[in-house]
Amino acid sequence: MNHAYAGIGSRETPDRVINSMKVIAKRLAQLNLTLRSGGAPGADSAFEEGCSEGGGDARIYLPWKGFNKNPSPLYDVCDNALEMGAYYYGKHRRMSRGVSRLMGRNCYQVLGQDLNSPVKFICCWTPGGGIKGGTGQALRIAADRDIPVFNLYSSSALDQMSRYLRLIGVKGLRDETKLT
């Protein structure tokens, strides 16, 4: 069994949560879950670092080659992802080409490269626990697809995620992971 999850969040994620994300991603990698993320500074990079430390499998979707100096080869954004990104972002007419590619790549994080292979859940952090920016766009996609979201802004998110993982047959997250 190999489930994918999206490890994403704000570039403004506090350091204490960044550290927790690294621990969570490392543990999820050890539990054979595949990370999907986007190579942005902050939360994305924390999940990627933790996944790497845990020897895990990661799919890092970039809006363009070399984004944030990330070497991932997954940087092509197809027209369907661009259209979907515009739809979920809600500001289609005002998006620059760069923002359009960022929003398109967010679709891959949640739905996979074929846009038809959704993650099992999203683990994230957003300011105030709200729906904002690129992470907010991913959360709107998740809401439309009934994908569980565990926002680490909430003190109960880790316990909820641990219970959910047990429900889908993955055990062992809460035992070694603490949000400090």
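Only helices enter this figure: runs of n ≥ 4 DSSP H residues, each worth -39500 (n - 2.57), summed and divided by the residues of the chain, yield -14000 deg cm²/dmol at 222 nm to the nearest 500.
Stick to the Cα atoms of the chain, pair each with every other, and give me the Kirkwood hydrodynamic radius in Å at one decimal.
Working: mean 1/r = 0.0630 Å⁻¹.
With all distinct Cα pairs of the chain included, I get 15.9 Å.
Between D144, D44, D76, the residue with the greatest mean-square fluctuation in the GNM of the chain (Cα pairs under 10 Å linked by springs) is D144.
Let me know the shape class of the range 115-163, please: from the alpha-carbon gyration tensor, a ≥ b ≥ c as square roots of the eigenvalues, rounded when a/c is under 1.5, otherwise prolate if a/b is greater than b/c, or oblate.
Note, shape of the range 115-163 comes out oblate.
Highest-first packing order for the peptide set 78-84, 54-60 is 54-60, 78-84, based on the mean count of other beta carbon atoms within 10 Å.
Remark on S72: its backbone amide H falls under 5 Å from none of the residues 5 or more positions apart or on other chains, H modelled at 1.01 Å from N.
Amide H to amide H distances under 5 Å link A40 with S45, where only residues 5 or more positions off or on other chains count and H is placed in the peptide plane. Give me the Debye-computed log₁₀ of I(q)/I(0) at q = 0.11, 0.14, 0.25 Å⁻¹ for the range 23-86, equal point scatterers on Cα only, no solvent, two decimals. Here log10 of I(q) over I(0) equals -0.27, -0.42, -0.98. Taking the chain as a Gaussian network, where each spring joins two C-alpha atoms under 10 Å apart, which residue of K22, K69, K120 fluctuates the most? Top of the fluctuation ranking is K69.
Taking each residue as 0.36 nm, the span from R97 to R163 lengthens on full extension beyond its C-alpha to C-alpha distance by 19.7 nm. With R₀ fixed at 35 Å, the C-beta to C-beta distance from N2 to D76 puts the FRET efficiency at about 0.90. Highest mean first, the peptides 161-173, 23-35 sorted by other C-beta atoms within 10 Å per residue fall in the order 23-35, 161-173. Applying a threshold of 21 Å to the alpha-carbon distances of K22/K69; K26/K65; K22/K120; K26/K120; K26/K171 flags K26/K65 as lying beyond it. For the range 72-123 and the range 15-64, what is the separation of their C-alpha centers, rounded to whole Å? Taking the Cα centre of each part, the range 72-123 and the range 15-64 sit 19 Å apart. One compactness figure for the range 48-122 is 1.14, namely its Cα radius of gyration divided by 2.2 N^0.38 Å.
Where a number appears in this text, it was derived from the coordinates with a stated rule and is not lab data. Because the structure is predicted, anything quoted here is derived from the model rather than measured. A quick note on method: Cβ atoms are made from the backbone with ideal geometry, for glycine too, and the neighbour counts reach across all protein chains shown.
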